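Just below is one structure, and these are the notes that go with it.
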Amino acid sequence: MAAKVEPGTTPPEQRTDRVRVSVWAADPITLVGVTETLVGSLDVFVTPDEQPSGVDVLVFATDRVTPAVVASMRRAAAATTAPAVLVTRELDHEHLMSVVECRVVAVLHRGAATEERLVGAVRSAASGGATLPPNLLGALLRQVQALQQEVLAPRGLNPAGLSTREIDVVRLMAEGWDTEEIASRLCYSERTVKNIIHTMTNRLEVRNRPQLVAYAVRAGLV
């Protein structure tokens, strides 16, 4: 028998505020378990696996994060720009940066991933939040610091992937200066400024100058 819907209320399946989730798991049993856990919540709508592009959050589930699992996560993450939640029993620090590259913003231990915690992590991810255990957060910060000191700094780059002169150019672009004005302000030739902009757009895979400025804004450079 169908549940009775009171007048003036919206059936759960028609609610527009539900978080759309796609689940990826390393094995069928885990897939069924995680999916059933999420389906029990009225705050979440689990989409078919073949429709990841329109989801709000990805959920990855595996007993142990291995290079093969990371490769599968990357393929799944490539189909969408949504953030991800990782449910696992074991995550070595060596794979931490890799899962972050898959836009994982929350990590839950599989044994403690109750419906309440999992749905809470999904809703937090959908709203831009993050949930990392303190030990993983500390390890991630140390890896980021090492990346900055050992890889980026020697090349004149910052964590956003831009050099000092690239930041100077993009900041002036954000202020509305054109190529000629930027060149004059920075004492570069117009050709140099155009080359700098072209290099940035190619490396960051953005289509035009407005998107480049938007990237800089999100990175906190403007």
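Quick note: the coordinates plus some simple rules give every number you see, no bench work behind them. The structure presented is a predicted model; accordingly, all values stated were derived computationally and were not measured. Every residue, glycine among them, receives a Cβ derived from its backbone with ideal geometry; neighbour counts consider all protein chains shown.
Worth a mention:
- The stretch 26-66: translational diffusion in µm²/s, Stokes-Einstein, Kirkwood Rh over Cα pairs, 20 °C, 1.002 mPa s: 189 µm²/s
- Taking each residue as 0.36 nm, the span from Glu116 to Ala78 lengthens on full extension beyond its C-alpha to C-alpha distance by 10.9 nm.
- Note on Thr199 and Glu94: their simple-model spin labels are 3.4 nm apart, each label 7 Å out from Cα toward Cβ.
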